[in-house]
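Encoded as structure tokens, the structure appears first; notes follow it.
The values are calculated or read from the model by the stated rules, or taken from the named source; none is laboratory data. All of these numbers come straight from a predicted model, not from anything done at the bench. Here the Cβ is made from the backbone with ideal geometry for all residues, glycine too, and neighbour counts use every protein chain on show. Surface areas here come from the heavy atoms of the whole protein model, side chains and all, with no ligands, DNA or RNA. Shrake-Rupley method; radii C 1.70, N 1.55, O 1.52, S 1.80 Å.
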Amino acid sequence: MKQLLIAAASLGLAFALPVSTLAQDNAASQPAQPTAYADLVAAMQDGIDQEMVIDNQLAVVRSLWQADPNMVAAEAAYPGLFDAMIDAGRPIITRHSQEIQDEYRPRYVAALAEALTEQEAARIAEFYRSPLGAKMLGGLSRTMDGRAMIEGGIANGEIDMRDFDTDIRKSAGQIVGALSAQEQAELVRLFTTDPALMKMNGLQAIVLPIRAEMEKAAMAPARQKEIEAAIETAAERHIAGG
């Protein structure tokens, strides 16, 4: 039964930000006439504390810098260097995030429309807005850091979907582990008796491939080069005392 719970948690993970993005404006890009499927996407995205996910990802980046003796020496010689570099990349990453979210949201909506009735989509959205569903999404916010993808992307220059799967499973397992026995029992009851919620396990096969494409788009060479150039310029200015 634990795998059933992990599957439900993993579905929510599909709607967190890609690892190289840092912020988004959900309200600016919602469809003018939202359907039940668009509302389901919104329910999962809105339940995630995107700023916390950002903090998790930035903590990973900082930890990688702190593991590099050359970077540590540079920070020691020019205190605040790490902060300057992160701050320089943030506006560009914010813009990239909005572009990717706008591009892929219709695909999520269309995929869900193929798999669910409007009533089923509304029921699953209701679950994610319930106290228990919100707790699962809150757990996602605390645990998703994309470490495997970030480390793999830096090492290989691209996202390996095995790293993506590693991050998803690690975070989902932590989410389930943080639930009480009573909460886990209630989720098992819901996922094995509610017709709409019983479909959640199958939705993973539909939405996670789209999320995987988002990860690759976020790591596109042109985007990464723009971020890297901004960070390099900020580092040079900081070292020069500018």
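Note on R237 and A222: the model spin-label points, each 7 Å out from Cα along the C-beta direction, lie 2.5 nm apart. Taking a straight Cα-Cα cut-off under 18 Å and skipping sequence neighbours fewer than 8 places away in the same chain, the aspartates and glutamates within cross-link reach of K199 are D39, E114, E118, E120, E126, E186.
Taking 0.36 nm per residue of separation and subtracting the Cα-Cα distance, full extension of the segment from D83 to K170 would add 28.5 nm. Applying 0.36 nm per residue to the separation of E114 and M161 and subtracting their alpha-carbon distance, the gain on full extension is 14.5 nm.
Annotation for N70 and N201: the two label points, set 7 Å from Cα along the Cα-Cβ direction, are 4.9 nm apart. Rolling a 1.4 Å probe over the heavy atoms of the protein chains gives region 135-242 an accessible area of 50 Å² per residue.
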